[in-house]
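The values are calculated or read from the model by the stated rules, or taken from the named source; none is laboratory data. From a predicted model like this one, the values you see are computed outputs, not experimental measurements. Reconstructed Cβ throughout: ideal geometry from the backbone, glycine too, with neighbour counts over all protein chains shown.
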Amino acid sequence: MTKVKEPKEKVQGSPAGRIGLFVSFAIVAALALIPFWAMLVGTFQDGDMLIRYGLNLGIDPSTAHVHNWVMLFTDSGPYFRWFANSLVLTVVQVVGTLLISSFVAYGFAMYDFKFKSFLFILVLVLMTIPFEMLMLPLYIQVNTMGMADNYAAILLPFLAQASTIFFFRQFMVGLPKEILEAGRVDGVSEFGIFFRLIMPLLKPAMAAMAILNGMASWNNFLWPLLVLRSPDKYTLPIGLNTLMTPYGNNYSLLIVGSFFSLIPILLLFLAFQRFFVEGMTAGAVKG
Amino acid sequence: MKGLFYSQKAAPYLFILPFILTFGIFWAFPLGRSIVMSGQNILPGQTENVGFDNYTRLFHDRLFWLAMTNSLRYTLLTLVLLIPIPLVLAVLVNSKIGSPKIKGFFKSAMFIPALTSVVVAGIVFRLMFSESDTSLMNQIVSFFGFGPVKWLKNDLTGLAALLVVAMWRWTGVNMMYFLAGLQAIAPEFYEAARIDGASRWQQFRYVTLPQLRPTITYVLTISVYGGMAMFLESFMLYNGNNSPQNIGLTIVGYLYRQGVEKNDLGYASAVGVVLLVVILAINLTQLFFSGMFKKENR
């Protein structure tokens, strides 16, 4: 049978339809980006003015200045300490979560064992239990384990993460089982098969999960707020939140610091985004 | 020891061990403790069992019901807004109309708000929803001929502000989920539908929607969770857990107030248990109806 070539890949649709689509995309994208513009404009205004007049999209050239930006890099107190803390925590959290969650997911995806369905249902149930409900007993728990005011308390409970395990498992179920057999024939251990043969295939899934976990970790607020006591351990969201008081030039640092805090996570997103939808598709919830 | 690494019998248990440990230490145990604490009156140095007293108190607690109502209506409205709109956007992005480049830019632009922390989003929206007549939102309403609104001082405008923040941050994320689901649908389905003479709408109704059901179920589940557990958006928008007449109080906000601010752990645990039961009830019902568990058992 000869394959009929479809004249498809070109841009399709009537010109009117295309223009309509373009205009609606432009409007929705503008709505999504407007707050960033407002924030950028705000970084060139006095914090006191922001408190009094709020934020809008216009900028008055006669009052605009770069003092906030100068302050950020010369006199921002603990800001870059928070920044470094957040950076370290995010990197450790993302690497750890990707490793451990894919490790666990592999067990669920490739083997049959006793209690498998039961344990997997636990994963599903855990995905629907709000962390907020457990935060107080979990806080007591990490305190009794001697992890109060410690980064371990922020990291450990979330390394084997239900939603990430679920995602990797969905992705791996789609991989050919022959890889395992081939590995075993070659005398590779079960763990060697995972680390050496399977892991390289997980790239798109890893990229998608790196973005989602990176976002969650960089922006994590409630749990660190409960756990962390010493100001020198504060992360960016916690530190920024302490600036939400109208004293001194807090608001000036708040707005410029908020804007600057977007940069690392934006870079992470831009670096991995081309894998993102591909990865999400491969791990998508299948019927 | 070496045999262990080669044993196909032992391997799966070692693989899932981190999950079992995490689950036991950080989830099951605290969950159990939470249920026990909900039956106790916990004071520094002394703890007494009070049976269901905390639950009775909860039942008669006006503020708890206010928080519950606030959370439920917020959840319901986020479902109404954050499922159909992202779904339509995803279908448009996935359609063959228009250039892929523009769509690529659109996808990124839509997702970027989700990268902001709730703290940053809260700061920006708090300032955009400021009472001053020069704030962005008041400029918009004045463009339509209305006077400045005290957004964060009234019940319904406060709710609107929360919904705007939620839509801003989550439309792109949900769109991505739907887009991933759409791209997993085999093109043969659409071809078959076209051969049968199905219109665009019929293709959407009879191919896209049924094929997308697992994704919709998933998004619904995480949205119910996100909506019922909403707290920080309100916390940031109102600069703390105290909003005027508690218009921004949610269940988790109430749990935080009782547990952290008033240190009444027993009562806060009861709030948590009720929250858990409500969320599990909603989500398990819809997971069962969608046949999710059956499929995972395979």
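Total residues in the stretch A:163-183 satisfying the condition of being closer than 30 Å to B:LEU255 by Cβ, among the polar types (S, T, N, Q) and in contact (Cβ under 8 Å) with a residue 60 or more places away in the chain: the figure is 1. Considering A:ALA148, A:ALA160, the condition of being touching a residue at least 60 places away in the same chain (Cβ under 8 Å), buried (at least 17 other Cβ atoms within 10 Å of the Cβ) and part of a loop (DSSP other than H, G, I, E, B) is satisfied by A:ALA160 alone. Of all positions in the stretch B:129-139, at least one carries a residue that is out of contact with any Phe, Trp or Tyr (no Cβ under 8 Å at 6 or more places or on another chain), surrounded by fewer than 21 Cβ atoms within 10 Å (Cβ to Cβ), modelled with pLDDT under 85 and not aliphatic (A, V, I, L, M). Could you tell me whether B:PHE235 is under 15 Å from the mean Cα position of the chain (by Cα) and buried (at least 18 other Cβ atoms within 10 Å of the Cβ)? No: the conditions fail for B:PHE235.
Looking across the stretch B:165-218, the residues that are among the polar types (S, T, N, Q) and closer than 30 Å to B:PHE129 by Cβ come down to B:THR171, B:ASN174. Pairing residues of the stretch A:35-54 that are closer than 14 Å to A:HIS67 by Cα with residues that are outside any helix (DSSP H, G or I), at Cβ distances under 6 Å and at least 6 apart in sequence or on separate chains, gives A:VAL41/A:ILE59; A:GLY42/A:LEU55; A:PHE44/A:ALA64; A:GLY47/A:ASN249. Across the stretch B:45-86, the number of residues qualifying as under 19 Å from B:ASP155 (Cβ atoms) and among the aromatic types (Phe, Trp, Tyr) comes to 3. The number of residues in the stretch B:195-207 being within 21 Å of B:VAL88 (Cβ to Cβ) and either of a type in the set (Lys, Arg) or part of a helix (DSSP H, G or I) (or both) comes to 8. Check the stretch A:212-229 and report whether any residue there is farther than 29 Å from A:PHE103 by Cβ and not acidic (Asp, Glu). So far as the stretch A:212-229 goes, yes, one or more of its residues are farther than 29 Å from A:PHE103 by Cβ and not acidic (Asp, Glu). When each of A:ARG18, A:ARG81 is tested for being at pLDDT 90 or above and over 30 Å from B:ALA166 (Cβ atoms), the lone residue that passes is A:ARG81. The set of residues in the stretch B:118-135 being touching a Lys or Arg at 6+ places or on another chain (Cβ under 7 Å) and of a type in the set (Gly, Ala, Ser) consists of B:ALA121, B:SER132. Restricting the stretch B:243-267 to residues that are closer than 17 Å to B:LEU159 by Cβ and either surrounded by fewer than 21 Cβ atoms within 10 Å (Cβ to Cβ) or of a type in the set (S, T, N, Q) (or both) leaves a set whose member that is farthest from the other protein chains (Cβ to nearest Cβ) is B:GLN245.
If you go through the stretch B:79-109 and pick out every residue that is among the hydrophobic types (A, V, I, L, M, F, W, C), within 7 Å of another protein chain (Cβ to nearest Cβ) and not in a helix (DSSP H, G or I), you end up with 1.
Applying the criterion of being crowded, with 16+ Cβ neighbours inside 10 Å and not aromatic (Phe, Trp, Tyr) to the residues of the stretch B:189-212, the residue that is nearest to the other protein chains (Cβ to nearest Cβ) is B:GLN211.
B:ALA67 satisfies every condition listed in (1) surrounded by 15 or more Cβ atoms within 10 Å (Cβ to Cβ); (2) free of Cβ contacts under 8 Å to residues at least 12 places away in the same chain; (3) within 14 Å of another protein chain (Cβ to nearest Cβ); (4) not polar (S, T, N, Q) except (2). You will find that of B:ALA184, B:ALA166, B:ALA160, the residue that is at pLDDT below 90 and hydrophobic (A, V, I, L, M, F, W, C) is B:ALA184 and no other.
Just to be sure before I move on: is B:GLY158 in contact with a helix residue (DSSP H, G or I) (Cβ under 9 Å, 6 or more places away or on another chain), more than 21 Å from A:LEU33 (Cβ to Cβ) and part of a helix (DSSP H, G or I) in the structure I sent? Yes.
Note on the stretch A:198-266: enclosed helices (runs of 4 or more DSSP H) holding 2 or more residues that are crowded, with 23+ Cβ neighbours inside 10 Å are A:203-218, A:236-242.
Among all residues of the stretch B:176-183, there is at least one that is within 16 Å of the chain's Cα centre (by Cα), at the interface with chain A (Cβ under 9 Å from one of its Cβ atoms), under 17 Å from B:VAL93 (Cα atoms) and outside any loop (DSSP other than H, G, I, E, B). Exactly one residue among A:GLY279, A:GLY192, A:GLY187 is within 9 Å of chain B (Cβ to nearest Cβ), buried (at least 21 other Cβ atoms within 10 Å of the Cβ), farther than 27 Å from A:LEU138 by Cβ and not aromatic (Phe, Trp, Tyr), and that residue is A:GLY279.
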